[in-house]
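Chemist: Mind looking over this structure? Questions follow.
Any read-out appearing in this document is the output of simple, stated calculations on the displayed coordinates, not a laboratory observation. On a predicted model such as this, the values are computed, not experimentally measured, just so you know. When we count neighbours, we look across all protein chains shown, and the Cβ atoms used for this are built from the backbone with ideal geometry, even at glycine.
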Protein chains: 6
Amino acid sequence: MATVTAPADPEADPRVKAVFDDIRATRGTDFINNVWRYLAFDPGLLETTWAEVKSVMATPSALDPKVKEMLYAAVSIANGCDYCTHSHLAAARARGMSAAEQADFFRVVGSAGKTNMLLNGLRVPVDAAFEMAQED
Amino acid sequence: MATVTAPADPEADPRVKAVFDDIRATRGTDFINNVWRYLAFDPGLLETTWAEVKSVMATPSALDPKVKEMLYAAVSIANGCDYCTHSHLAAARARGMSAAEQADFFRVVGSAGKTNMLLNGLRVPVDAAFEMAQED
Amino acid sequence: MATVTAPADPEADPRVKAVFDDIRATRGTDFINNVWRYLAFDPGLLETTWAEVKSVMATPSALDPKVKEMLYAAVSIANGCDYCTHSHLAAARARGMSAAEQADFFRVVGSAGKTNMLLNGLRVPVDAAFEMAQED
Amino acid sequence: MATVTAPADPEADPRVKAVFDDIRATRGTDFINNVWRYLAFDPGLLETTWAEVKSVMATPSALDPKVKEMLYAAVSIANGCDYCTHSHLAAARARGMSAAEQADFFRVVGSAGKTNMLLNGLRVPVDAAFEMAQED
Amino acid sequence: MATVTAPADPEADPRVKAVFDDIRATRGTDFINNVWRYLAFDPGLLETTWAEVKSVMATPSALDPKVKEMLYAAVSIANGCDYCTHSHLAAARARGMSAAEQADFFRVVGSAGKTNMLLNGLRVPVDAAFEMAQED
Amino acid sequence: MATVTAPADPEADPRVKAVFDDIRATRGTDFINNVWRYLAFDPGLLETTWAEVKSVMATPSALDPKVKEMLYAAVSIANGCDYCTHSHLAAARARGMSAAEQADFFRVVGSAGKTNMLLNGLRVPVDAAFEMAQED
């Protein structure tokens with residue numbers, strides 16, 4: 001049960017149709033997943049959200065698309081977002097994440113969760129040395 | 001101000017010394033950062049925490065060490081862990097994260113934060129299609 | 001599936017009945033939603049929780065009831081509380097939140113999620129200027 | 001201590017200068033707060049972040065600017081974002097939040113935190129009645 | 001730097017003085033810690049917050065006071081609350097938490113953080129068997 | 001719907017069988033709950049996760065097993081972990097948590113959630129006095 005209602009015929013609205021067309025063209029598939037179907041309750045929010053996701057996740061950039069999906073999933077897990085965890089782990093698999101990489105992913109995410117709680121509890125002062133010069 | 005006291009002379013305890021020696025050998029540096037100095041308040045907790053971090057983060061595995069540090073930092077940011085965010089971003093830079101990759105990292109983390117809040121609010125049902133076969 | 005069992009006949013307990021009667025009188029409806037039915041597993045916890053919610057949310061105060069429900073929903077979204085998100089967005093709608101206001105709400109919540117992650121990652125020092133005098 | 005370095009002379013970069021000029025014009029003040037000075041480490045991230053904040057927070061919309069700042073602060077508190085909590089509470093005060101409204105804000109945020117934990121623990125099923133029609 | 005200003009002479013307000021007197025009497029000490037000094041910015045919020053903390057934490061109940069302080073600290077760590085983590089770990093120590101118990105506490109909190117991230121990522125279905133009868 | 005697939009015949013893998021045998025022997029029951037059935041997707045992750053949970057939760061230590069389960073549940077609630085909340089509240093009941101203790105647990109967790117939000121919002125400075133000597 002969602003908190004908003006997905007429009008029954010979203011593409012009757014030309015702004016929604018334009019976004020859905022762009023999703024299909026960008027991804028090369030006819031499948032429109034639920035987040036976009038529900039965001040169509042407000043075409044403006046749909047447009048800005050898709051524009052950002054397209055720009056950040058579907059445009060070539062410094063990081064590999066598979067790595068970007070894994071980073072997205074890592075944040076989503078820590079923020080407890082059920083939908084985002086499913087969608088971005090599925091996207092990481094679609095971009096080539098192997099079973100061994102997925103197990104590694106969970107190992108890192110689990111260890112981070114452990115030391116995050118330890119350090120949020122211990123409140124250890126940050127080392128000055130972490131202010132190291134950035135390599136380029 | 002931490003919630004526990006770091007021992008003044010931690011390596012007087014042979015169990016602590018053994019861990020610190022292994023940290024130095026594994027990392028090829030004499031620098032022992034604060035989390036280990038404070039965890040020395042309980043040698044058992046120090047041993048198991050270092051054993052896990054060494055196994056997960058300092059042992060060759062399916063994912064690149066740089067990517068693992070970025071994933072660790074992403075979870076730490078979402079969990080609001082100040083120390084972990086600093087230490088793992090520094091580690092990612094030490095393992096070769098470029099300025100362009102770091103900017104990309106923040107773009108992905110920011111977009112994830114945005115849609116995590118949108119989806120935690122909209123409570124959109126998860127698509128059955130996400131249960132796709134895993135590529136290996 | 002809940003972690004506690006809702007009593008089958010909660011109003012058999014006079015303390016529970018008194019709270020349910022007050023909920024019905026305060027809200028002007030016979031509908032008792034699930035949180036109260038389950039909290040009835042412990043009448044003391046039911047009494048103090050309802051007393052607080054009634055005092056904070058159902059008593060005239062400086063902020064508009066609609067705005068209070070939206071603030072409640074915003075915190076609930078960030079804390080990943082499914083039930084609270086549903087109940088307080090429903091309450092905001094019942095207190096007059098329009099579709100345009102709801103879309104605006106999601107825009108603000110999404111942008112906050114984005115910059116929360118950016119700033120939790122960047123760890124930018126707080127400006128001294130934010131310690132501005134409060135207007136009254 | 002931040003995780004990135006704020007450029008010493010940010011407006012030497014014309015893209016940064018254009019954003020800073022727009023911040024000054026939009027807000028009618030010469031004050032540029034730290035988040036923008038640090039985001040200048042990557043002009044692209046600075047541009048997209050400011051464009052979003054300007055569009056969502058500094059453009060007239062269905063909700064009152066003061067209410068939007070309070071919603072932003074509420075999410076920031078729950079996400080543990082120190083900088084964002086300071087900046088958006090300051091902005092809410094600048095947009096007219098009174099002392100009484102601020103106290104009310106904290107009352108609502110505190111009560112939400114309480115029932116968020118109770119409901120995340122009790123895992124009460126969501127009432128079907130919350131799927132009520134939206135008023136417009 | 002706090003987001004509100006602690007009154008310079010809080011006990012000039014009789015409502016604040018009454019709360020401070022009760023804190024001193026309940027705890028048997030003249031020390032008033034900062035949370036109460038800052039909450040004095042709004043006497044009503046001070047009164048209700050202290051009344052709740054006194055009722056829940058300083059009144060004999062089913063759980064041992066030391067255990068209650070440790071539970072409070074555990075939630076505070078996961079919610080990233082710096083002040084609460086410090087104050088409730090200090091309170092647990094004052095109520096007799098030994099060094100061995102404190103190390104055990106951190107071990108449990110760390111393991112919980114690890115499996116919380118794993119399970120938030122794996123999204124494993126809850127076993128029907130957990131709906132076991134409660135022992136009394 | 002989980003994000004990984006639980007093996008249909010997990011004990012066909014001798015590493016998984018060894019872990020399941022140890023779970024049964026340690027707990028004195030034939031019941032293997034879902035988290036272990038799903039973690040069997042990666043025997044290495046299954047082994048290290050069970051080894052940690054066994055060491056921390058199923059080995060006699062300074063804290064009572066019931067208290068450890070309650071602490072685990074408290075962290076899980078704040079991290080929004082549905083599965084962990086169910087499993088560790090069930091374990092606490094199995095280790096003797098009474099109905100009165102459970103109600104007390106929820107009272108403490110709720111109050112912590114409330115003051116966590118208040119203090120994350122007020123950003124009150126930590127008292128130097130909290131750095132008290134630890135009792136042993």
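Chemist: So what's the net charge close to A:Thr59: Lys and Arg +1, Asp and Glu -1, counting the other residues with Cβ under 12 Å from its Cβ? Present the calculation step by step, with values, prior to reporting the outcome.
Modeler: On the way: positive: A:Lys54, A:Lys68, B:Arg107; negative: A:Glu52, B:Asp104.
Computed value for this residue: +1.
Chemist: Would you list, by chain and number, the aspartates and glutamates whose Cα falls below 12 Å from the Cα of A:Lys66, excluding same-chain residues fewer than 8 positions away?
Modeler: Straight-line reach from A:Lys66, under 12 Å: A:Glu101.
Chemist: Right, next: When each copy gets a label point 7 Å from Cα toward the beta-carbon at B:Gly96, what are the spacings between them in nm, shortest first?
Modeler: 1.5, 5.5, 5.7, 5.7, 6.1
Chemist: Here is a follow-up. Please compare each pair in A:Lys114/D:Lys114; B:Lys68/E:Lys68; C:Lys54/F:Lys68 to a cut-off of 26 Å on the Cα-Cα distance and tell me which ones are over it.
Modeler: Numbers: A:Lys114/D:Lys114 24 Å; B:Lys68/E:Lys68 37 Å; C:Lys54/F:Lys68 34 Å.
As for pairs spanning more than 26 Å Cα to Cα, those are B:Lys68/E:Lys68; C:Lys54/F:Lys68.
Chemist: Further question on the same structure: Anyone know which of B:Gly44, B:Gly121, B:Gly110 comes out most mobile in the 10 Å Cα GNM of chain B?
Modeler: The residue that fluctuates most here is B:Gly121.
Chemist: Oh, and also: Relative to the longest principal Cα axis of chain F, at what angle does helix F:82-94 sit, 0 to 90 degrees, rounded to 10?
Modeler: Approximately 90 degrees, to the nearest ten.
Chemist: Okay, next question. Hey, got a sec? Which chymotrypsin sites (Phe, Trp or Tyr not before Pro) in segment C:95-131 land in a DSSP loop and have at most 13 other Cβ atoms within 10 Å? Intermediate values should be presented prior to the final figure.
Modeler: Working: sites: C:Phe105, C:Phe106, C:Phe130; in loops: none.
The qualifying sites: there are none.
Chemist: Follow-up question, since we're still on this one. Let me see the pair-distance distribution of segment D:1-105: every alpha carbon pair, 5 Å bin width, integer percents in order.
Modeler: 2, 12, 19, 23, 20, 13, 7, 3, 1
Chemist: Where the only charges are on Cβ atoms (+1 Lys, Arg; -1 Asp, Glu), what is the dipole of the protein assembly as shown about its Cα centre, to the nearest 20 debye? Walk me through the numbers on the way to the answer.
Modeler: Details: 78 positive and 108 negative charges, 0 e Å.
Dipole about the Cα centre, nearest 20: 0 debye.
Chemist: Still on this structure, I have one more. Could you check which residue among C:Leu122, C:Leu45, C:Leu71 shows the biggest mean-square fluctuation in a GNM of chain C with a 10 Å Cα cutoff?
Modeler: Maximum among the listed residues: C:Leu122.
Chemist: Let me know the volume per residue of the alpha-carbon convex hull for segment E:49-136, in Å³.
Modeler: 147
Chemist: Taking the alpha carbon gyration tensor of segment A:66-108, what are the square roots of 5 times its eigenvalues, largest first, to the nearest whole Å?
Modeler: Values: eigenvalues 48, 26, 12 Å².
Semi-axes from the Cα gyration tensor: 15, 11, 8 Å.
Chemist: Build a GNM of chain B with springs between Cα atoms under 10 Å: which of B:Pro125, B:Pro65, B:Pro14 gets the top mean-square fluctuation?
Modeler: Largest GNM mean-square fluctuation: B:Pro125.
Chemist: Taking the label point 7 Å from Cα in the Cβ direction, how far apart in nm is B:Glu131 from each other copy of itself, listed shortest first?
Modeler: Relative to the other copies, B:Glu131 has label-point distances of 2.0, 2.0, 5.3, 5.6, 5.7 nm.
Chemist: Taking 7 Å along the Cα-to-C-beta vector as the label spot, tell me the F:Thr26-F:Ser98 distance in nanometres, rounded to one decimal.
Modeler: So the label points at F:Thr26 and F:Ser98 sit 3.0 nm apart.
Chemist: Cα to Cα, under 12 Å, and not fewer than 8 places away if on the same chain: which aspartates and glutamates meet these conditions relative to E:Lys17?
Modeler: Output for E:Lys17: E:Asp9, E:Glu47.
Chemist: Taking each label point as 7 Å beyond Cα in the direction of the beta carbon, state the distances from A:Thr59 to the same residue in the other copies, shortest first, in nm.
Modeler: List, nearest first: 1.7, 4.1, 5.2, 5.2, 5.8 nm.
Chemist: Sort largest first and round to whole Å: the equivalent ellipsoid semi-axes of the protein assembly as shown, each the square root of five times a Cα gyration tensor eigenvalue. Don't skip to the end; give the middle numbers.
Modeler: Numbers: eigenvalues 231, 231, 177 Å².
Whole-Å semi-axes of the equivalent ellipsoid: 34, 34, 30.
Chemist: Measure nothing but the geometry: give the 0 to 90° angle between the long axis through the Cα atoms of A:65-78 and the longest principal axis through the Cα atoms of chain A, rounded to 10°.
Modeler: For A:65-78 against chain A, the angle is about 80 degrees.
Chemist: So, R0 is 30 Å and r is the distance between the beta-carbons of D:Ala128 and E:Ala128; what FRET efficiency does that work out to, to 0.05? Can you show the working numbers first?
Modeler: Working: r = 22 Å, r/R0 = 0.74.
Working from the Cβ atoms, E equals 0.85.
Chemist: Taking other Cβ within 10 Å of each residue's Cβ, how do D:His86, F:His88 sort, fewest first? Walk me through the numbers before you get to the answer.
Modeler: On the way: D:His86 22, F:His88 27.
So the residues, fewest neighbours to most, are D:His86, F:His88.
Chemist: Only counting other Cβ atoms within 10 Å, I'd like E:Ser98, F:Ser61, E:Ser76 sorted with the fewest neighbours first.
Modeler: In order of increasing Cβ crowding within 10 Å: E:Ser98, F:Ser61, E:Ser76.
Chemist: When a/c is below 1.5 the answer is rounded, else prolate if a/b is larger than b/c, else oblate, so apply that to segment D:10-59 with a ≥ b ≥ c taken from the square roots of the Cα gyration tensor eigenvalues. Walk me through the numbers before you get to the answer.
Modeler: Numbers: a/c = 1.72, a/b = 1.25, b/c = 1.38.
Since a/c reaches 1.5 but b/c is at least a/b, the shape of segment D:10-59 is classed as oblate.
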